[in-house]
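Following: one structure in structure tokens, then a few remarks.
The values are calculated or read from the model by the stated rules, or taken from the named source; none is laboratory data. Quick caveat, the model's predicted, so the values are computed rather than measured. Here Cβ is always computed from backbone atoms with ideal geometry, including for glycine, and neighbour counts include all displayed protein chains.
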Amino acid sequence: MADKLSWSELRRALANRAGVSEKEANSFLNALSGQLVEALKSDKQVKINGLGMFKLQAVAPRKSVDVTTGEEITIEGYNKIVFAPEAGLKELIEGHQPSADSNRFSDIDPIQKLGAQAEEIVDILGDLGQSPNNEEPAEEPAEEPIEEPVAEEQATEEPVAEEPATEEPVVEEPAEEEPAAEEPATEQPIEEPIQETNMNEEPIITDSMVEQPEEPIKEQPVDPEPFIYTPASEPEEEEIIVQEPPKKSHFVRDVLICVIVILLLLCGAYFFFRTQIGAWIDNLLQPKEPETVEVVVPVDTIAMTATEPEEPIVAEPEPAQEPQEQAQKPAPEKKKAAKAKKASKSNPSQDDILAEFLAVSGELEETESAAGQELTYNGLKTVEPIHEGSRLTWMAKMHYGAKIYWPYLYDANRDRISNPNVIEVGTPIRVPNLTPEQRDTTNAQTMATLEHLKQQAENAMK
Amino acid sequence: MLTKELIGLIAEASGLPKKDVEHMLSTTNAIMRENLMDGKAIQLQGLGALEIKERKERVIVHPQTGERIVSPRKNQLVFRPMANMKDELKKI
């Protein structure tokens with residue numbers, strides 16, 4: 001703790017600043033402290049604008065032990081005054097660095113003297129040598145606190161060496177500018193006041209004067225040389241200062257490193273598993289094969305890709321080879337194959353499908369009821385060609401609103417569908433109109449009919 | 001109790017007009033502020049002292065995340081009541 005502002009000093013300052021007599025200031029201050037206590041007693045808390053809040057806090061009685069007798073005592077409860085500074089004042093004081101001189105040297109006694117005396121010398125030199133000293137006194141206190149904690153770790157002799165050494169560059173440079181002849185002249189008169197002040201603290205200024213009395217030099221463990229190493233000592237200074245960099249958090253750096261590592265891992269994974277990934281993607285894109293579909297879900301029928309529409313049977317083994325290369329997961333494929341389009345040469349182009357459709361639909365107009373059809377329908381709603389990946393269930397949903405009606409589609413197209421699971425791409429599927437009865441799922445007969453048709457379809461699939 | 005009330009009490013006790021008391025109070029605040037900025041403690045007779053306490057740098061841990069942060073060096077304004085304040089408060 002540095003200084004204190006005493007009560008009388010405060011009174012004086014108040015009288016001066018407020019423009020009141022000392023008597024008035026005195027009565028004010030006395031009243032202030034007195035009334036503050038009284039107010040606390042009555043109101044338990046007092047707020048003073050610009051200062052803060054004073055509160056009265058109750059401390060509960062507690063059990064303790066008499067130190068001499070060892071018997072139990074109860075320490076009485078009491079009230080204590082607690083102070084919380086106002087927000088603005090708190091921040092003001094929180095961030096404020098107290099003036100360099102006051103607190104900094106309080107912990108470091110042995111070197112403090114040295115530093116304080118060094119300052120004196122600098123001032124004296126400044127006055128006498130008329131060198132620009134405005135910055136120097138400020139610099140020294142700034143340098144010293146940084147150096148001192150570091151210096152304390154080192155041997156005792158070294159801080160002594162460093163301090164005068166570091167001050168010397170500042171002092172010596174202006175001194176060096178002067179012609180050499182003046183140096184002895186200016187420094188000689190300095191010698192005496194310095195010698196008077198303290199024999200211990202004999203900076204290297206004396207050392208520069210070899211003719212000067214040697215007593216101070218002997219006491220000084222430092223050689224005359226350090227101040228010659230002016231350029232050398234400066235880097236030392238900087239090193240010392242640099243040794244204590246502010247502690248930074250390396251958060252951003254860490255995050256960047258993690259991101260880069262993750263990216264590298266992804267790249268590695270990609271390259272390593274590229275072939276397998278390619279195969280997996282192809283698998284997804286390609287429609288499922290009939291053999292595989294049969295095993296999994298007979299209900300969902302899937303169109304097969306065909307090289308030539310006229311050879312449905314031949315077309316089977318050809319595509320069969322392809323999926324055998326790729327087939328890994330038949331089950332999930334059924335959904336994905338429906339939507340995807342694979343750009344493979346074996347698939348007929350859209351034009352081909354359309355051409356075939358037109359060719360077939362030419363026949364269509366003649367027959368509203370196909371051969372083998374079990375039910376009769378009220379005309380055709382539409383005719384839709386099978387696309388790659390189409391399914392009867394899906395088409396049923398689209399046209400009728402529910403998948404369960406797909407057996408009707410099968411029934412209406414028995415002449416064209418030998419195996420509901422294997423339908424050529426491009427086969428035109430008749431989509432008959434359904435009567436409300438046929439749509440009625442609550443109708444037992446309808447459901448039975450559907451079940452019947454479904455069985456037939458399933459039989460055809462085997 | 002608010003500042004205004006306190007000013008009223010002080011005016012009564014000291015016999016000074018309220019306006020003067022207010023003015024002197026704000027002046028006192030200013031003087032104290034300046035001295036505190038210089039690092040000086042302020043002695044208040046009959047009350048105690050207002051001091052500056054240094055809070056050195058320290059490592060603090062966030063209780064939930066466990067994150068460690070360095071709390072920087074700072075100063076605190078602290079009121080130290082006078083020694084026999086306990087007794088004073090006991091008096092009616």
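Observations, loosely collected:
- Annotation: of all residues in region B:1-15 being more than 7 Å from chain A (Cβ to nearest Cβ) and under 21 Å from A:Lys55 (Cβ atoms), the one that is surrounded by the fewest Cβ atoms within 10 Å (Cβ to Cβ) is B:Lys4.
- Residue list for region A:55-93, restricted to those being surrounded by 10 or more Cβ atoms within 10 Å (Cβ to Cβ) and assigned to a helix (DSSP H, G or I): A:Gly88, A:Leu89, A:Lys90, A:Glu91, A:Leu92, A:Ile93
- Taken together, the residues in region A:65-84 that are more than 51 Å from the chain's Cα centre (by Cα) and either away from chain B (no Cβ under 14 Å) or among the hydroxyl-bearing types (Ser, Thr, Tyr) (or both) amount to 10.
- Screening region A:5-59 for residues that are more than 8 Å from chain B (Cβ to nearest Cβ) and within 52 Å of the chain's Cα centre (by Cα) and picking the one that is farthest from B:Ile31 (Cα to Cα) gives A:Val59.
- Residue within region B:55-77 that is touching a residue at least 12 places away in the same chain (Cβ under 8 Å), surrounded by 13 or more Cβ atoms within 10 Å (Cβ to Cβ) and of a type in the set (Asp, Glu) present: no
- Count of region A:421-450 residues which are farther than 16 Å from A:Leu375 by Cβ and assigned to a loop (DSSP other than H, G, I, E, B): 6
- Flag for A:Ile124 being over 28 Å from B:Ser71 (Cβ atoms) and either modelled with pLDDT of 60 or more or not in a strand (DSSP E or B) (or both): yes
- Among the residues of region A:397-411, those identified as touching a strand residue (DSSP E or B) at 6+ places or on another chain (Cβ under 9 Å) and farther than 15 Å from A:Gln455 by Cα are A:Met398, A:His399, A:Tyr400.
- With respect to the conditions (1) touching a residue at least 40 places away in the same chain (Cβ under 8 Å); (2) touching a Pro at 6+ places or on another chain (Cβ under 9 Å), A:Leu40 falls short on a single one, namely (2).
- Residue-level check: of (1) out of contact with any Ser or Thr (no Cβ under 7 Å at 6 or more places or on another chain); (2) over 24 Å from B:Lys53 (Cβ atoms), A:Leu32 misses just (2).
- In this structure, B:Ile69 qualifies as assigned to a strand (DSSP E or B), among the hydrophobic types (A, V, I, L, M, F, W, C) and out of contact with any Phe, Trp or Tyr (no Cβ under 8 Å at 6 or more places or on another chain).
- In region B:23-53, residue farthest from B:Leu89 (Cα to Cα) [restricted to those that are more than 7 Å from chain A (Cβ to nearest Cβ) and surrounded by fewer than 16 Cβ atoms within 10 Å (Cβ to Cβ)]: B:Glu34
- Given (1) within 27 Å of A:Leu40 (Cα to Cα); (2) more than 7 Å from every other protein chain (Cβ to nearest Cβ), number of the condition B:Asn75 does not satisfy: (2)
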